[in-house]
Amino acid sequence: MAAAMKHLPEEDRQDGHYSKETAVWLNGNAAPFVLTGFPGLEAAHPWISIPFFAIYISVLLGNGALLYLIKDDHNLHEPMYYFLAMLAGTDLMVTVTTMPTVMAVLWANHREIRHGACFLQAYIIHSLSIVESGVLLAMSYDRFVAICTPLHYSSTLTNSRVIKIGLGVVLRGFLSLVPPIVPLFRFPYCRSHVLSHAFCLHQDVMKLACADITFNRVYPVVLVAMTFFLDVLIIIFSYVLILKTVMGIASGEERAKALNTCVSHIGCVLVFYITVIGLTFIHRFGKHAPHVVHITMSYVYFLFPPFMNPIIYSIKTKQIQRSILRLLSV
């Protein structure tokens, strides 16, 4: 409230008496935000919740199973699978952070969320998106080293180096989101408190602020260019080098074997970045599209990669398949 008082008219701050408009503003600034489900389909929310809950459980079981297999099977104690464990953990955290408020809206019509909880949810969601991009980049580096310099794989990707890469990816994600999130705690919110989704996003919250949000508009654009766009370019470059190395292998069988170790990672990269591009395209150029399209695309972005990644690795990675069969045969 003290921060909000700085934005009051000078005459209101001096005499301590507030006009009717200012009083309404102060009350509104302290009011919780209101989450939105599927506008116009409120009566169908219980039915809509069924596939959402099924996907939620599938994500928890699929990624939880991957983490358990990698921890339990010593054959999976390799850098490639350590990065896969990071990917599964990131997907789990994204889903666990997002879905409780979604299910609360769909099941119980519980729409209110306090400012602090909202900002924290937005911070975690956006940070984990950058972490996931970083993990996919680290996995491409793993494939590059394994195929282009196989004799130096063990000495290059030591456990300590894998830990350092993992810490770097996590720190990049969580530290880079601090600058745009901190101002949200200081902004006054005198407009509508209704958000566009059943979870909090930075771009939704900042639009409700009655303050100069230029920094909050510009910073995310720069951040996306410096993380997602740069990560994609490096991943593409690494695969160009991988293909160049593979094409130099004389045996066709060995070429196929080398490329097969990349298929799962390529699948996860496509799933993640295609949804990122789709969501960005809808937000930037789909202003005339029905609001339900924007909402649905947001859910696809947050649920589809965590749902698909365990499936992709279970289908395309033989060592994961062996671990699953070993677990089921016990």
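The values are calculated or read from the model by the stated rules, or taken from the named source; none is laboratory data. Treat the numbers as computed from the prediction; the structure is a model and nothing was measured. Every residue, glycine among them, receives a Cβ derived from its backbone with ideal geometry; neighbour counts consider all protein chains shown.
So here's what we get for this one:
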read-out	value
Members of the range 320-329 that are of a type outside the set (A, V, I, L, M, F, W, C) and under 27 Å from the mean Cα position of the chain (by Cα)	Q321
Failed item in (1) more than 20 Å from the chain's Cα centre (by Cα); (2) free of Cβ contacts under 8 Å to residues at least 60 places away in the same chain; (3) buried (at least 23 other Cβ atoms within 10 Å of the Cβ), with V135 passing the rest	(1)
Checking L136 against (1) at pLDDT below 95; (2) touching an Asp or Glu at 6+ places or on another chain (Cβ under 8 Å), the condition it does not meet	(1)
Filter result for the condition that a residue is at pLDDT 95 or above and among the hydroxyl-bearing types (S, T, Y), over T22, T36, T95	T95
Residue that is among the hydroxyl-bearing types (S, T, Y) and in contact with a Leu (Cβ under 8 Å, 6 or more places away or on another chain), where the choices are Y153, Y81, Y123	Y123
Residue that is surrounded by the fewest Cβ atoms within 10 Å (Cβ to Cβ), among those in the range 262-283 that are polar (S, T, N, Q) and in contact with a helix residue (DSSP H, G or I) (Cβ under 7 Å, 6 or more places away or on another chain)	T275
Conditions (1) part of a helix (DSSP H, G or I); (2) at pLDDT below 90; number of the one not met by H17	(1)
Filter result for R114 (touching a residue at least 40 places away in the same chain (Cβ under 8 Å) and not hydroxyl-bearing (S, T, Y))	yes
Every residue from the range 245-259 that is without any contact (Cβ under 8 Å) to a residue 12 or more places away in the chain and surrounded by 11 or more Cβ atoms within 10 Å (Cβ to Cβ)	I249, E254, R255, A256, K257
Positions within the range 284-304 being within 20 Å of the chain's Cα centre (by Cα) and exposed (fewer than 13 other Cβ atoms within 10 Å of the Cβ), in sequence order	R284, V293
